[in-house]
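Take a look at the structure set out below.
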Amino acid sequence: MVSPSSSLIWREIPERYGMVGSVCQTCGASYFPQRKVCPKCRRKGKLALQKMPENGRIYAFTEVHSAPRGFENESPYFLAIIELSNGVRVLAQIVDSEKEKVKAGATVEMRFRKIFEAGKEGILAYGYKFKVV
Amino acid sequence: MRKAFGDFVKGIGIVGYGAYIPKRRIKVEEIARVWGKDVKRITEGLGIKEKAVAAFDEDSATMAVESARRAVQNSGVDAKRIGAVFVGSESKPYAVKPTAAAVADAIGASPELTAADFEFACKSGTTAMQCCLGMVASGMIEYGLAIGTDTAQGSPNDPLEFSTGGGGASVIVGNQGVIADFEEFYSYTTDTPDFWRRPSAEFPQAAGRFTGEPAYFRHVINAAKGLFAKTGLEPKDFDHVVFHQPNAKFPLKAAKILGFEEEKLKQGLVTPFIGNTYSACSFIGLASILDVAREGERILVVSYGSGAGADALSFKATKEAERKRPKETIFNMIKEKEYVDYATYVKHRRKLKDV
Ligand SMILES: [Zn+2]
């Protein structure tokens, strides 16, 4: 894995730490990650920041055995599409959950974890993962 | 001029708390097996059965954030009204870069606040709490967040490896919706080299037998006695007591020396189940007491930090403590666990070279 720059990590902090996405004030649709334009309303859309709910359900998942560079030591791990309680879907890692509990429809809650390290001396990126509750 | 006991702090105290204990546990027995040690002698000597192990993607910052998020939720405080975030830890993920700033951002606090990381071995959390109490008492801030968090370090086969666990706990201080009134504090500090870590060293060193009498006991006993002298309170006036707990033996002995019944220690004694969580130790113990404290019950907290110092603080639970119980208690968190073997523990704690 090529380590992202510290400015990129910094720009993503509101999304990664607090799951702050967007809401279109014209049509009411929520988006995560944040958007600059509402794909439904186009020029009529008016986007504002909106905090996403921190709970939801597993929509789909996969167990990663051959992890990308930088995550090799963490495999096997579960990667899931989470449908948040407002209907927005996010891709996230599943942590601290027994294998048999990781299934479609399982209720999950957000956890704050380390996402990756930019080498031994670089910056640390933190953010959301989910746990089956 | 300092006002009389209980006067300058009227109405100020803990308004909420939260804790985080990592799910993985390793049994002391398993560590002893690997190093060919006498299991019975070690477990009996320490009074510790197992310890909590932070996962590969957990560190003192993630545990600080998790505990702080829960404290905000349990207290009902609007994070934007928190004026100070102080994090006490001796296992910071960065040597230079504040964990406190990450915590503030992660809980959705306003940038309009002051923040810093504190270090005083295992007592930096209570010292952070003292600062928050002072700032709230003076009217400088409305709410303050104090945290004790550590992924306790111990080098392989060192006596410390058998006892050091990981965890974090947060306390929000304020003057509205107080669950435990702050009554008084007394601190005792001297330069005592019982335990240290130089900047380039990966693991701390302890000065063996020296850690007991001149270090832990001298400071803890003096801090507690100082608080008694300052307030006129006695052990019989307290319903619960929590001491720093590097093992399960030291706090029991401290209680005996001071004249506390063992029963008063029980609710806050968590080390036998999660190990010595360093800065989080007395915080998690206090949180466990607050889980059950009833209106009017008095709580004594005495932290200890090597190097060395102790902070003694007295609290009295209010009716709000019974109303604002968190949905998950410390003993519930202790029960939720997954055992790992030594090899898995070594992988998660990155004790392998190049991991
Ligand atoms: Zn729209």
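The values are calculated or read from the model by the stated rules, or taken from the named source; none is laboratory data. Given the structure is predicted, the values throughout are model-derived calculations rather than measurements. Neighbour counts run over all protein chains shown; Cβ positions are idealised from the backbone, glycine included. Note: areas computed on protein heavy atoms with side chains; ligands, DNA, RNA excluded. Shrake-Rupley method; radii C 1.70, N 1.55, O 1.52, S 1.80 Å.
Structure summary
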item	result
Output for the range B:216-233, where each listed residue is closer than 25 Å to B:ALA248 by Cβ and either modelled with pLDDT under 95 or out of contact with any strand residue (DSSP E or B) (no Cβ under 7 Å at 6 or more places or on another chain) (or both)	B:TYR216, B:PHE217, B:ARG218, B:ILE221, B:LYS225, B:PHE228
Exclusive hit being open to solvent by 20 Å² or more (accessible area, probe 1.4 Å), closer than 25 Å to B:ILE21 by Cβ and over 17 Å from the mean Cα position of the chain (by Cα), set A:GLU98, A:GLU109	A:GLU98
Single unsatisfied condition, B:ARG350 versus (1) on the phi > 0 side of the Ramachandran plot; (2) under 21 Å from the mean Cα position of the chain (by Cα)	(2)
Selected residue [of a type in the set (A, V, I, L, M) and in contact (Cβ under 8 Å) with a residue 60 or more places away in the chain] from A:ILE82, A:ILE9, A:ILE13	A:ILE9
Pair list, Cβ under 7 Å, 6 or more apart: the range A:22-51 residue aromatic (Phe, Trp, Tyr), other residue in a strand (DSSP E or B) and more than 8 Å from the ligand (Cβ to nearest atom)	A:TYR31/A:GLY21; A:TYR31/A:SER22; A:PHE32/A:GLY21; A:PHE32/A:VAL90
Options A:ARG57, A:ARG43, A:ARG69, A:ARG35; residue that is within 18 Å of the chain's Cα centre (by Cα) and more than 10 Å from the ligand (Cβ to nearest atom)	A:ARG57
Residue check for B:ALA64: open to solvent by less than 10 Å² (accessible area, probe 1.4 Å) and within 13 Å of chain A (Cβ to nearest Cβ)	yes
Residue that is nearest to B:ILE48 (Cα to Cα), among those in the range B:222-233 that are open to solvent by 50 Å² or more (accessible area, probe 1.4 Å) and assigned to a helix (DSSP H, G or I)	B:ASN222
Search result, residues across the range A:1-39 that are of a type in the set (A, V, I, L, M) and closer than 20 Å to A:PRO53 by Cα	A:ILE13, A:MET19, A:VAL20, A:VAL23, A:ALA29
Sole residue being among the charged types (D, E, K, R) and open to solvent by 30 Å² or more (accessible area, probe 1.4 Å), chosen from B:LYS97, B:LYS123	B:LYS97
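Here is a yes/no grid of residues against (1) under 20 Å from B:THR127 (Cβ atoms); (2) open to solvent by 50 Å² or more (accessible area, probe 1.4 Å); (3) of a type in the set (Ser, Thr, Tyr):
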site: B:VAL178; (1), (2), (3): no, no, no
site: B:TYR186; (1), (2), (3): yes, yes, yes
site: B:PRO193; (1), (2), (3): yes, yes, no
site: B:SER200; (1), (2), (3): no, yes, yes
site: B:ALA215; (1), (2), (3): yes, no, no
